[in-house]
Amino acid sequence: MKRDHCLKRLQAMGLKVVVVPHATFYIWLDLSKLPDPLNNGLTFFEELLKERTIVVPGIFFEINPSHRRDLFRSPCHHFVRLSFGPPLKDLDMGLDSIERVLRKVKKEGTRGFGHNYHKSADLDHGAAPNVQ
């Protein structure tokens, strides 16, 4: 039930799920049709984090022994993983966040999206970062 609910909502948003999950409670969401830079898992993660919603960037699942491949050339780069394990109420809150981000892109474009986080080298490790 929760899986089908999530899949229907994602489809209504125009988001593609290539492989429907059958034996897990994770959805592997394809972002490749979204405008750049929202079409990469890290930026999508960052924008949803601003909405207090967590997805996991696909590159975190990259099998890349010895770091031979640049992560931005990873076949996982344009994916995020969503869990439909939480209660339905919480899932809807997360899906609502995705809808807000997509509406923002339609209304305002992607200007200002991506890489707004502080790099660890730029932080004063004695103080908490000022996150807006």
Please specify each residue of the stretch 20-58 satisfying the condition of being over 13 Å from Phe84 (Cα atoms), open to solvent by 60 Å² or more (accessible area, probe 1.4 Å) and in contact with a strand residue (DSSP E or B) (Cβ under 7 Å, 6 or more places away or on another chain). Lys33
Hey, can you tell me all the residues within the stretch 27-66 that are in contact with a His (Cβ under 8 Å, 6 or more places away or on another chain), charged (D, E, K, R) and within 17 Å of Gly114 (Cβ to Cβ)? Glu46
Any idea which residue in the stretch 7-19 is least open to solvent (accessible area, probe 1.4 Å), counting only those that are assigned to a loop (DSSP other than H, G, I, E, B) and farther than 14 Å from Val55 by Cβ? Gly14
Would you mind telling me which numbered condition in (1) modelled with pLDDT of 95 or more; (2) open to solvent by less than 30 Å² (accessible area, probe 1.4 Å) Asp96 fails? (2)
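The values are calculated or read from the model by the stated rules, or taken from the named source; none is laboratory data. These figures come from a predicted structure and were not determined experimentally. Cβ sites come from the backbone with ideal geometry, for glycine too, and all protein chains shown count toward neighbours. Areas reflect the complete protein model, heavy atoms only, side chains present, ligands, DNA and RNA absent. Shrake-Rupley method; radii C 1.70, N 1.55, O 1.52, S 1.80 Å.
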